[in-house]
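Working notes for the structure below.
The values are calculated or read from the model by the stated rules, or taken from the named source; none is laboratory data. Keep in mind it's a predicted model, so treat the numbers as computed, not measured. When the accessible area is computed, the model is the full protein with side chains, heavy atoms only, and any ligands, DNA or RNA have been set aside. Shrake-Rupley method; radii C 1.70, N 1.55, O 1.52, S 1.80 Å.
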Amino acid sequence: MTQQAAALQTYNNELVKCMEDLSSKREELNRQIKQEEEEKERLQHDIRVLSEKLSRVNESLAQRLTTRAIYDRTIAETEAAYTKILESSQSLLSVLKQETGNLSKATEPWRKDH
């Protein structure tokens, strides 16, 4: 029986060692899991922060694009109005020169007489 007791003690020692090894591996795995959970939480926080920032930037960009479109429209309308003013000025100048020429011709005979 002593031999059986010694074998049983050996098996028991090996079983305890295996249990300790498994427990140690579980603790290491648990530590790794906690690390990854913490990293996951940090990343999720960063994503929330970046998403909020992206939303603010998108809103600002939309407002600026709308304002730029208003500027573009105002500039185009002003340029069109200015072009019309230039054309009208050119027409007025042309008419004025023509009328001045007509008046000069009409007054020439009167100058010769006096």
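Tell me, what is the 1.4 Å probe accessible area of E38, in Å² to the nearest 10?
100 Å²
Tally up the carbon and sulfur contribution to the accessible surface of segment 1-101 as a whole percent, 1.4 Å probe, everything protein left in place.
Roughly 58 percent, rounded to a whole number.
Rounding to the nearest 10 and keeping the result within 0 to 90°, find how far the Cα-based axis of helix 2-113 lies from the longest principal axis of the chain.
0 degrees
Give the accessible surface of segment 2-114 per residue, rounded to a whole number of Å², with probe radius 1.4 Å and ligands, DNA and RNA excluded. Intermediate results must be reported in sequence, preceding the final value.
On the way: 10910 Å² over 113 residues.
For segment 2-114, the per-residue accessible area is 97 Å².
Quick one: length gained pulling Q90 to L29 fully straight, 0.36 nm per residue minus the C-alpha distance?
Numbers: separation 61, 0.36 × 61 = 21.96 nm, distance 8.81 nm.
Answer, rounded to one decimal: 13.2 nm.
Mean residue ellipticity at 222 nm from the helices of the chain, using -39,500 (n - 2.57) per DSSP H segment of n ≥ 4 over the full residue count, to the nearest 500 deg cm²/dmol?
Numbers: 1 runs with 112 residues, N = 114.
Helix contribution divided over all residues of the chain: -38000 deg cm²/dmol.
Semi-axes of the equivalent ellipsoid for segment 20-114, please: Cα gyration tensor eigenvalues, times 5, square-rooted, ordered largest first, whole Å.
One finds semi-axes of 89, 8, 6 Å for segment 20-114.
Across the chain, how many lysine pairs, 8 or more positions apart or on different chains, have C-alpha atoms separated by under 28 Å? Please give the number. Kindly include the intermediate steps, with their values, before the conclusion.
Values: K17/K25; K17/K34; K25/K34; K25/K40; K40/K53; K84/K97; K97/K105; K97/K112.
Pairs that pass both the separation and distance tests number 8.
If one computes the Cα centroid of segment 2-16 and of segment 43-114, what distance in Å separates the two points?
Each part's Cα centre sits 101 Å from the other's.
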